[in-house]
1. Just to verify a number: what accessible area does residue 3 come out at with the full protein assembly present, 1.4 Å probe, Å² rounded to tens?
2. When Rg is the radius of gyration of the Cα atoms in the chain and Rh is its Kirkwood radius, what does Rg/Rh come to?
3. Would you kindly state how much longer the chain becomes between residue 72 and residue 117 on full extension, computed as 0.36 nm times their sequence separation minus their alpha carbon distance, in nm to one decimal?
4. Residue 53 to residue 101: FRET efficiency via 1/(1 + (r/R0)^6), r the Cβ-Cβ distance, R0 25 Å, to the nearest 0.05?
5. Take peptides 51-60, 96-105, 32-41, 67-76 and line them up by average Cβ neighbours within 10 Å, highest first, as a rough protection proxy.
6. Work from the charge dipole of the chain (Cβ charges, +1 for Lys and Arg, -1 for Asp and Glu, about the Cα centre) and give the residue of 27, 99, 69 farthest towards its positive end.
7. Would you kindly state how much longer the chain becomes between residue 39 and residue 82 on full extension, computed as 0.36 nm times their sequence separation minus their alpha carbon distance, in nm to one decimal?
8. Quick one: putting +1 on the C-beta of Lys and Arg, -1 on the C-beta of Asp and Glu, what dipole do you get for region 40-135 around its Cα centre, in Debye to the nearest 20?
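The values are calculated or read from the model by the stated rules, or taken from the named source; none is laboratory data. Since the structure is predicted, the reported quantities are computational estimates derived from the model, not experimental observations. Methodologically, a virtual Cβ is constructed for each residue, glycine included, from the backbone with ideal geometry; neighbour enumeration extends over all protein chains shown. Areas reflect the complete protein model, heavy atoms only, side chains present, ligands, DNA and RNA absent. Shrake-Rupley method; radii C 1.70, N 1.55, O 1.52, S 1.80 Å.
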Amino acid sequence: MEELTLTTPALLFSAISLIMLAYTNRFLAYAAVIRNLRDKYLQRKEASLIRQINNLKLRLNLTRQMQIFGITSLLFCVLTMFLIYIDYHVIAVWVFGLALLLLIISLAFLIWEIQISSKALKHHLSDIEEDLKQR
């Protein structure tokens with residue numbers, strides 16, 4: 001294996017930063033939708049709104065997990081750079097491997113969340129299609 005240098009973990013900085021920006025945007029979008037649904041629910045207490053709120057709670061939780069694993073991955077990349085700087089190369093390799101594993105977990109949560117989001121949108125579309133058929 002080639003020796004791990006300072007530039008290797010540094011390469012992940014921009015990727016993780018962009019991923020974290022995307023995660024934060026998802027989080028903010030869900031927060032706005034939840035506030036909107038809450039207001040709708042207070043006006044008319046429909047079961048469909050409760051299902052949507054529960055779906056969003058799960059997606060919000062997954063987004064939080066994505067953020068936690070992504071941030072921890074970034075933290076371990078920084079720790080890897082520090083370990084390389086103080087010549088602890090063997091430990092740095094293991095810490096960097098852990099950082100990559102955490103990033104993989106974060107991305108796996110993203111895939112799960114996208115699957116749930118897609119199903120929710122399909123339900124909305126089928127509701128619209130059924131309404132149009134009834135007209």
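1. 130 Å²
2. The Rg/Rh ratio comes out at 1.19.
3. 13.7 nm
4. E(calc), rounded to 0.05, equals 0.15.
5. Result, highest mean Cβ count within 10 Å first: 67-76, 96-105, 51-60, 32-41.
6. Sorting the options by dipole projection puts first 27.
7. Between residue 39 and residue 82, full extension yields an extra 10.6 nm.
8. The calculated dipole for region 40-135 is roughly 540 debye.
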